[in-house]
Structure formats: C-alpha cells, structure tokens
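Q: Before I ask anything, here is the structure I am working with.
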Amino acid sequence: MQETASVWVLTCGRGISCGVFTTRELGEQAIKKYGLRGMLTQYPLDSLTYDWAIEQDLWKPKKPHETEPKFIGTFSPRTPHYHYGLESEAPSGSPTQPDE
C-alpha cells in the first residue's frame, strides 16, 4: 500500500474482525499469543477501499453496476493481506499480494 495512513484488521472466522492494529507486527504478535487462524489485511484510514483504489489508479469502474452501493459495499481492493494458521504463515498466494 502506498504512503497512506492505514491499519491492519484481523479477521478470524465468519468474516468477523477480532482485532485492529497499527502495524502488521502487532497483529502477528496477537496471532501467535493466542494461536489464532485467520487473515490480517491492511486497510486505508478515512476512506472506502473503493475510493482508495480509484484514487491510487489501481482500478476504475467500467460497468454501470460497479458504481452501485451493493458493489461498492463488497469491493475488495489490492491491499496487502496474509493468512495465518491454515497451510502456513506465509503470505497468501493471491495475485493481489505484494512482493516482499
């Protein structure tokens, strides 16, 4: 994620967030402390992920439904995310995962 104020959100089962952290490292400490399984995702502050992706020139709507509330509310940007406690603690193999 480019130079934008952000937080790391930990999601553990059923899509429910169980923690929000200022750094990835703090999120990983909580995961290790409790042996949690889930996904740690970086999100921009003070912005919808939809707006952020457009502002960063990462994506732009091309079809009419891509500007509707249902689409915007479920939009998933290309922000860094990591899976823990599943197959491994390595970054996801998703094409949206940044290089490290």
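Every number here is computed from the coordinates shown, using simple stated rules; none is lab data. Since the structure is predicted, the reported quantities are computational estimates derived from the model, not experimental observations. Here Cβ is always computed from backbone atoms with ideal geometry, including for glycine, and neighbour counts include all displayed protein chains.
Q: So is A5 out of contact with any helix residue (DSSP H, G or I) (no Cβ under 6 Å at 6 or more places or on another chain) and surrounded by 11 or more Cβ atoms within 10 Å (Cβ to Cβ) or not? Please lay out each step first, then the result.
A: Numbers: out of contact with any helix residue (DSSP H, G or I) (no Cβ under 6 Å at 6 or more places or on another chain): yes; surrounded by 11 or more Cβ atoms within 10 Å (Cβ to Cβ): no.
No: the conditions fail for A5.
Q: Would you confirm whether or not the stretch 17-34 contains a residue that is part of a loop (DSSP other than H, G, I, E, B) and of a type outside the set (V, I, T)? Step through it out loud before you land on a result.
A: Step one: list which residues in the stretch 17-34 are part of a loop (DSSP other than H, G, I, E, B), which gives 22-23.
Next cut, of a type outside the set (V, I, T) only: none.
No - not one qualifying residue is present in the stretch 17-34.
Q: Something else about it: Scanning the stretch 42-61 for residues that are of a type in the set (A, V, I, L, M) and under 17 Å from S76 (Cβ atoms), which turns out surrounded by the most Cβ atoms within 10 Å (Cβ to Cβ)? Walk me through how you get there before you give the answer.
A: Keep residues of the stretch 42-61 that are of a type in the set (A, V, I, L, M), which gives 45, 48, 53-54, 58.
This time we only want the ones that are under 17 Å from S76 (Cβ atoms), so: 48, 53-54, 58.
Values: L48: 14, A53: 19, I54: 16, L58: 14.
Taking the candidates together, the pick is A53.
Q: Can you tell me which residue within the stretch 42-79, out of those that are assigned to a helix (DSSP H, G or I) and in contact with a helix residue (DSSP H, G or I) (Cβ under 7 Å, 6 or more places away or on another chain), is nearest to V20 (Cα to Cα)? Working first, answer last.
A: First, the residues of the stretch 42-79 that are assigned to a helix (DSSP H, G or I): 49-55, 64-67, 69-73.
Imposing the further condition that a residue be in contact with a helix residue (DSSP H, G or I) (Cβ under 7 Å, 6 or more places away or on another chain) reduces the set to 50, 65, 71-72.
Numbers: Y50: 20, H65: 31, F71: 24, I72: 22 Å.
Step by step, filter the stretch 42-79, then rank; the result is Y50.
Q: Could you give me the residue pairs with C-beta distances under 6 Å whose first residue belongs to the stretch 17-41 and is within 20 Å of P77 (Cα to Cα) and touching a residue at least 12 places away in the same chain (Cβ under 8 Å), whose second residue is β-branched (V, I, T) and surrounded by fewer than 17 Cβ atoms within 10 Å (Cβ to Cβ) wherever it lies, and which are 6+ apart or on separate chains?
A: V20/V7; G38/T11; M39/T11
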